[in-house]
Amino acid sequence: MNDLAENQVPVSAAEFRAMKREMERDPAPLPVENGRPRVHRLVEDLPPVHLELEPPVRETWTLSIGGLAERPIELTLDELRELGVVPYQSDFHCVWGWSRPRVTWAGVPAGRVLDAVLPSPAATHVRFGATDSPYASCVPIEQARDGLFALELDGEPLSPISGGPLRWLQPHYLWGYKGVKWVGSVELTDRLNAGPWETKVGDVDGEVPQGIVDRFAELNELAKDEADR
């Protein structure tokens, strides 16, 4: 699920209970490790998961976008907002074995930001870098466009522990480690330039197995139907 829509409803308590019951009855198809399915569970909140000891602190936050672009720019958060903040909802999947369904965000679609810099025809990938940290993520430009420069989470300004004031939120079909908290730089490139963590994980593509994506789409529909009864 990955929706840009005006009316978005977070998962209710009744829907969450319905999802858990359905997951227990019929678990999602999961990746197999050492011959056994990886444990996967539902969570009601986004656990803070990152490598940095402390979130970066800046009086003024900027986002620089450059590389293979005809019009590289540096944006303040206010200038970024001028590109249009939209509500956004997506399932969030962590490679460590949990998912939160229908997370509600608000931010600027990454495609709008990329369009503003006029990408070169040679640009095939986009590398997102964290501020004051070596953390980075590189994805094909088509996947980059599907993401969001998130400014809000659950109707509140994005907190530092959740990647605020600005986070590149990966599309719902990529694992959470492909997203970048405290994003400060965006580089358009002509090759995959993987970040250190995605290299360490050993899966630079970071694609959620299609079975999990499809299963959560089904769970969302089943939970809505049951909660409406």
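Any read-out appearing in this document is the output of simple, stated calculations on the displayed coordinates, not a laboratory observation. None of the values given here were measured: they were computed from a predicted structure. Neighbour counts run over all protein chains shown; Cβ positions are idealised from the backbone, glycine included.
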Legend entry - Difference of contour (0.36 nm per residue) and Cα-Cα distance, E70 to V57: 1.6 nm
Inset, instruction - Using the number of other C-beta atoms within 10 angstrom as an exposure proxy, rank W105, W168, W197, W182 with the fewest first. - result: W197, W105, W182, W168
Legend entry - About the Cα centre, charge dipole magnitude for the stretch 43-172 (Lys/Arg +1, Asp/Glu -1 at Cβ), debye: 340 debye
Inset, instruction - Please arrange K178, K200 by counting, for each residue, the other beta carbons lying within 10 Å of its beta carbon, fewest first. - result: K200, K178
Inset, instruction - Would you mind ranking T131, T60 by Cβ crowding within 10 Å, fewest neighbours first? - result: T60, T131
Legend entry - Stretchable slack from W96 to E44, in nm (0.36 nm times residue separation minus alpha-carbon distance): 17.2 nm
Legend entry - F92 long-range amide H proximity, modeled H, under 5 Å: R100, R102, V103
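What is the local net charge at L188, summed over the other residues whose Cβ is closer than 14 Å to its Cβ (Lys, Arg +1; Asp, Glu -1)? Write out the running numbers ahead of the final one.
Details: positive: R71, R127, R145, R191; negative: E70, D115, E142, E187, D190.
That sum, taken over residues with Cβ under 14 Å, equals -1.
Write down Rg/Rh for the stretch 120-229, rounded to two decimals, with Rg from the C-alpha atoms and Rh from the Kirkwood relation over Cα pairs. Could you put the intermediate results ahead of the total?
Details: Rg = 15.8 Å, Rh = 15.2 Å.
Result: Rg/Rh = 1.04.
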Legend entry - Net length gained if the chain between E156 and D132 were fully extended (0.36 nm per residue, minus Cα distance): 6.2 nm
Legend entry - Charge sum, other residues only, whose C-beta stays under 13 Å from V139's C-beta, Lys/Arg counted +1 and Asp/Glu -1: -3
